[in-house]
Each structure stands twice: as C-alpha cells, then as structure tokens.
1. Hand me the list of helices (runs of 4 or more DSSP H) wholly inside the range 97-192 holding 2 or more residues that are open to solvent by 20 Å² or more (accessible area, probe 1.4 Å), within 13 Å of the ligand (Cβ to nearest atom) and not aliphatic (A, V, I, L, M).
2. Determine whether the range 15-27 contains at least one residue that is β-branched (Val, Ile, Thr), touching a residue at least 60 places away in the same chain (Cβ under 8 Å) and more than 30 Å from residue 236 (Cβ to Cβ).
3. Determine, yes or no, whether residue 181 is in contact with a Pro (Cβ under 7 Å, 6 or more places away or on another chain) and over 27 Å from residue 243 (Cα atoms).
4. Would it be correct to say that residue 227 is in contact (Cβ under 8 Å) with a residue 40 or more places away in the chain, over 30 Å from residue 108 (Cα atoms) and touching an Asp or Glu at 6+ places or on another chain (Cβ under 8 Å)?
5. Being modelled with pLDDT of 95 or more, touching a Phe, Trp or Tyr at 6+ places or on another chain (Cβ under 9 Å) and under 20 Å from residue 183 (Cβ atoms) is true for just one of 122, 89. Which residue is that?
6. Only one of 17, 5 is aliphatic (A, V, I, L, M) and either away from the ligand (no atom under 16 Å from the Cβ) or in a strand (DSSP E or B) (or both). Can you tell me which?
7. Is it the case that residue 42 is within 13 Å of the ligand (Cβ to nearest atom) and open to solvent by 20 Å² or more (accessible area, probe 1.4 Å)?
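The values are calculated or read from the model by the stated rules, or taken from the named source; none is laboratory data. Since this is a predicted model, take the numbers as computed values, not measurements. Quick reminder, even Gly has a Cβ in these numbers, built from the backbone with ideal geometry, and neighbours come from all protein chains shown. To get the accessible areas, we keep the full protein, side chains included, count just its heavy atoms, and leave off ligands, DNA and RNA. Shrake-Rupley method; radii C 1.70, N 1.55, O 1.52, S 1.80 Å.
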Amino acid sequence: MIQLAIFEDYQTLSRQAAIYIADRIKQKPNTILGLATGSTPLGLYEELVSLHKAKKVNFSEVVTFNLDEYASLPKEHPQSYYYFMQQHLFSKVNIQLHNIHFPEGMFHDANHACQLYEQQLLENGPIDLQILGIGSNGHIGFNEPADRMTLQTHITDLADRTIVDNARFFNDETEVPRKAITMGIGSIMKAKTILLLANNETKTAALNALFSGVIDPNIPASILQLHENVLVFVNSDVAKHLKYRPTALMNK
Ligand code: GLP
C-alpha cells in the first residue's frame with residue numbers, strides 16, 4: 001500500500017522525514033536503515049544531524065546499507081556516494097564504522113563485489129526502513145528503466161537521462177561514470193517500510209507511475225505498488241502535478 005503525505009515545503013518534508021526515522025530508531029535502536037544519496041535527502045540528513053545534536057536520536061546501534069555507488073570512483077572522490085554520506089551524515093553522528101555497508105564501486109571482480117553485498121544484506125537484513133529518492137526516469141537506486149528488473153545487487157549501465165541529470169554534480173557530462181553498482185529491486189522490496197522522498201517537479205511523471213495500477217519495468221519505481229508499506233513524502237509544488245488525489249493530507 002502506498003500512502004502519500006504532502007508537506008508545505010522542502011524543509012518541512014525533510015524535518016518530518018527525520019522525525020519519522022528518529023522515532024523508528026527510538027523504537028528499535030539497532031534499526032537497519034537503507035540510505036539514499038542525491039540532492040533530495042540532503043535536507044533529511046541535515047535534520048537528522050540536528051536531532052542527533054539535540055540528543056533526540058542515537059545512531060550507536062544503527063546499521064546502514066547504501067543503495068548504490070558509482071563504478072570506478074574511489075571513496076575519497078568528492079562525487080562518490082561514500083564521500084557524500086561521510087560528508088552529510090556519517091561524520092556528524094555517532095554511527096559506528098563497522099555498521100556502515102556500501103557496495104564496492106572500485107571492484108576488480110564485478111561478480112564478487114555484487115555477491116559480497118548480497119551476502120551482507122542477507123546476513124543483516126531485511127532492511128527495516130529504506131529511504132528512497134526517485135530518478136526523473138523512475139529509477140530507484142540505480143535500477144534503471146529496462147525490459148526487465150533485476151532482484152539482486154548488480155552492475156548497471158547508467159541511462160542517458162541519468163547521466164544528463166547527474167552531470168550537474170560534475171564539471172561536465174563526460175566526467176559522469178557510465179556504470180554503477182546498485183542494490184537490486186529484490187532487496188528494496190524486502191524492506192519492511194519504504195520512505196520515498198520527492199521535492200522536484202521533474203519527478204512528477206515518475207511519481208504518477210506509483211499510482212497507475214500498472215507495473216512497468218521501464219519505470220522501475222512502479223514496482224513499489226506491490227509493497228505493503230510505502231510512504232511517499234512530497235512537497236506541495238510536486239503534489240500539484242500529481243494525477244493522484246489523496247484523501248488525507250498532511251501539512252505540518
Ligand atoms: C541518483 C541516485 C538515486 C537518487 C536519484 C535522484 O542518481 N542513484 O538513488 O534517488 O538519482 O537524485 P536527486 O535526489 O538528486 O534528484
């Protein structure tokens with residue numbers, strides 16, 4: 001079931017997402033969190049850091065699994081997703097290094113890197129709470145539009161649209177890696193709860209696929225319609241463009 005919550009603006013959406021996560025961690029201190037990168041969750045991580053500083057959330061037992069990583073970018077590269085997480089969350093809260101899990105982007109043996117992450121997910125999982133952004137083409141993690149969906153961790157070619165979308169983080173488009181390693185659709189769907197955030201109007205078409213009643217591998221996020229517990233947090237600008245009209249509005 002997908003529940004849509006609409007918030008006045010990005011800051012409110014981010015704060016409410018952080019409060020929701022902090023509550024879940026309070027209920028289960030060793031929560032397994034699936035984490036996303038990109039511009040969308042930046043506000044969320046900022047709010048989580050504030051809650052941590054105010055002693056309202058304790059990450060000492062939290063276990064994390066990130067969705068994806070660019071292939072061929074070392075951890076210390078400013079555009080690697082590992083670097084992003086260090087910069088925006090890990091270095092600012094009391095999370096323990098051994099509880100952080102990332103797919104290996106600098107792999108020599110692709111199969112080995114994928115199997116290793118699957119094994120870690122299997123040993124620790126399922127994920128309690130998976131945070132998701134959404135690509136303008138409907139990708140989740142780096143599960144790109146295709147004629148079929150892959151359940152397990154895999155290496156993927158980035159879609160042309162993703163390369164264009166993500167070029168804003170690099171000096172130019174040629175610098176964007178063409179491949180990535182990503183958690184598969186199976187691990188995402190096994191998460192007990194999914195919290196998807198969207199605050200940009202470029203995501204409207206992809207978001208409408210969440211309420212279409214059709215599963216389309218060319219819009220990977222459409223698979224979320226089969227999940228029991230998905231929360232979608234959007235701001236009012238995005239909500240205006242959605243075809244779906246929720247019955248209950250949240251506007252804190
Ligand atoms: C990136 C990531 C996704 C993210 C999405 C949206 O490429 N692989 O996990 O959700 O694209 O990014 P943004 O939030 O910057 O729009």
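1. 160-166
2. No, every residue in the range 15-27 fails to be β-branched (Val, Ile, Thr), touching a residue at least 60 places away in the same chain (Cβ under 8 Å) and more than 30 Å from residue 236 (Cβ to Cβ).
3. The answer is yes for residue 181.
4. no
5. Being modelled with pLDDT of 95 or more, touching a Phe, Trp or Tyr at 6+ places or on another chain (Cβ under 9 Å) and under 20 Å from residue 183 (Cβ atoms) holds for just one of 122, 89, which is 89.
6. That would be 5, the only listed residue that is aliphatic (A, V, I, L, M) and either away from the ligand (no atom under 16 Å from the Cβ) or in a strand (DSSP E or B) (or both).
7. Against the criterion (within 13 Å of the ligand (Cβ to nearest atom) and open to solvent by 20 Å² or more (accessible area, probe 1.4 Å)), residue 42 qualifies.
Each row is one residue, and each column tells you yes or no for (1) small (Gly, Ala, Ser); (2) within 13 Å of the ligand (Cβ to nearest atom); (3) not in a helix (DSSP H, G or I).
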residue: 59; (1), (2), (3): no, no, yes
residue: 64; (1), (2), (3): no, no, yes
residue: 83; (1), (2), (3): no, no, no
residue: 86; (1), (2), (3): no, no, no
residue: 91; (1), (2), (3): yes, no, no
